[in-house]
Amino acid sequence: MNAHAWTRMLRVEEGFRLDDVDADSTPGYSGGKSQGKKDLAAGLVELNELQERLFAQSRSGIAADSVLLVLQAMDSAGKGGIVRHVVGGVDPQGVALSAFKAPTPEELEHDFLWRVARRLPEPGFIGVFDRSHYEDVLIARVRALAPADEIERRYDAINAFEAEAASSGIRLVKVMLHISPEEQKERLMERLERPDKYWKYNPGDVDERMRWPEYMQAYQTVFERTSTEVAPWHVVPANHKWYARLAVQELLLAALQDIDPQWPAADFDIEAEKKRLAAT
């Protein structure tokens, strides 16, 4: 299956229900883990070239295109693995990673989108939001960190913000990595059983886990309110890490293939430069 077919299969459309997604499934892919790893490595070759072309094209001033990968998920769903094994496989000079934590005092003095707007990728870059402005309508809603009417306002503000970003040349790839509560429990338990994983464990993760149904409803509302034509959501079943990485790679490939960046032509006399160089 090609990248665009995967995009259509994973895209949130009207009538989508998160409850209907089997986190253990591998939609669009019939191979297993071993084949998936091989296909991931093969896809990285194309991803590398497209990313380099995108970067080179922007440096020459030909176009202002960029890509923004927005990653959202429950804790331990594999966002870090996507960053390392998919985005981390391309030239880092063309990647801009932002991991949004709790707002700083300065950020709290501004609208919730202020700090996000400052991290949008420049032309030629693949930007990655490891968590994003959606925290302000997810955890903020579940934990009642803002009034209900403010949460409602934010959905429309997000849509307007993303539409403006898209019109400026940013291709948004919004992904929710969907794991089951059983899989999350296993992954969190592994962090408690391995000394090399202790640093990844946060006792607060268990508190959030106890609110699983509320988070799933919050995500459902996010999909219904903010999956738009210019910035659609994609839900990737993520119980199998290898599949999630492969699927996200395909979504990035589809975005870059649509942009179709080209190597910039020389802005100098090639033959003359060959002669000059040969003479040195």
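Since every read-out is calculated from the coordinates, none of them should be taken as a lab result. Please read these numbers as outputs of a predicted model, since none were measured by experiment. All Cβ positions, glycine included, derive from the backbone under ideal geometry; neighbour counts span all protein chains shown.
Each other residue within a Cβ distance under 12 Å of I259 adds +1 if Lys or Arg and -1 if Asp or Glu, for a net charge of -1.
With K and R counted +1 and D and E -1, the other residues having a Cβ less than 14 Å from that of L71 yield a net charge of +4.
Classify the chain as rounded, prolate or oblate, taking a ≥ b ≥ c as the square roots of the eigenvalues of its Cα gyration tensor: rounded when a/c is under 1.5, otherwise prolate if a/b is larger than b/c and oblate if not. Note, shape of the chain comes out prolate. Classify region 193-265 from the C-alpha gyration tensor, please: rounded if a/c falls under 1.5, else prolate or oblate depending on whether a/b exceeds b/c. Taking the square roots of the gyration eigenvalues as a ≥ b ≥ c, region 193-265 is oblate. Take each peptide in 214-227, 74-87, count the other Cβ atoms within 10 Å of every residue, and average; sorted highest first, the result is 74-87, 214-227.
Working note: 222 nm ellipticity from helices only, DSSP H runs with n ≥ 4, each -39,500 (n - 2.57), summed and divided by the residues of the chain, gives -15000 deg cm²/dmol to the nearest 500.
Of the peptides 261-267, 51-57, 141-147, the ranking by mean beta-carbon count within 10 Å, highest at the top, reads 51-57, 141-147, 261-267.
What percent do you get for the relative contact order of the chain when only Cα pairs under 8 Å and 6+ apart count?
35
Computed from Cα positions, the angle between helix 241-259 and the longest principal axis of the chain comes to roughly 50 degrees. Loop-located GluC sites (Glu not before Pro) in region 92-129 (DSSP state not H, G, I, E or B) with no more than 11 neighbouring Cβ atoms inside 10 Å: E109. May I ask for the angle, rounded to the nearest 10°, between helix 148-167 and the longest principal axis of the chain, with both axes built from Cα atoms and the value confined to 0 to 90°? Its long axis makes an angle of about 10 degrees.
Given the C-alpha centroids of region 215-252 and region 1-72, what is the distance between them in whole angstrom? Distance between centres, Cα-based: 11 Å. At full extension, R211 and D91 could sit 39.3 nm farther apart than now, given 0.36 nm per residue minus the alpha carbon distance. Annotation: amide H-H contacts under 5 Å for V70 (H modelled 1.01 Å from N, sequence separation of 5 or more, or interchain): F129, V173, K174, V175.
On full extension, the segment bounded by R11 and A266 gains 87.9 nm, given 0.36 nm per residue less the C-alpha separation.
Relative to the longest principal axis of the Cα atoms of the chain, the long axis of helix 33-59 makes an angle of roughly 60 degrees. Under a Gaussian network description of the chain, with springs only between Cα atoms under 10 Å, the residue in F268, F112, F125 that fluctuates furthest is F268. Looking at L145, V83, F129, which one has the Cα that reaches farthest to the positive end of the dipole of region 75-150 (charges on Cβ: Lys, Arg +1; Asp, Glu -1)? The listed residue farthest towards the positive side: V83. Need one word for region 21-130: rounded, prolate or oblate. Basis is the Cα gyration tensor (sqrt eigenvalues a ≥ b ≥ c); a/c below 1.5 gives rounded, then a/b vs b/c decides. Verdict is oblate for region 21-130.
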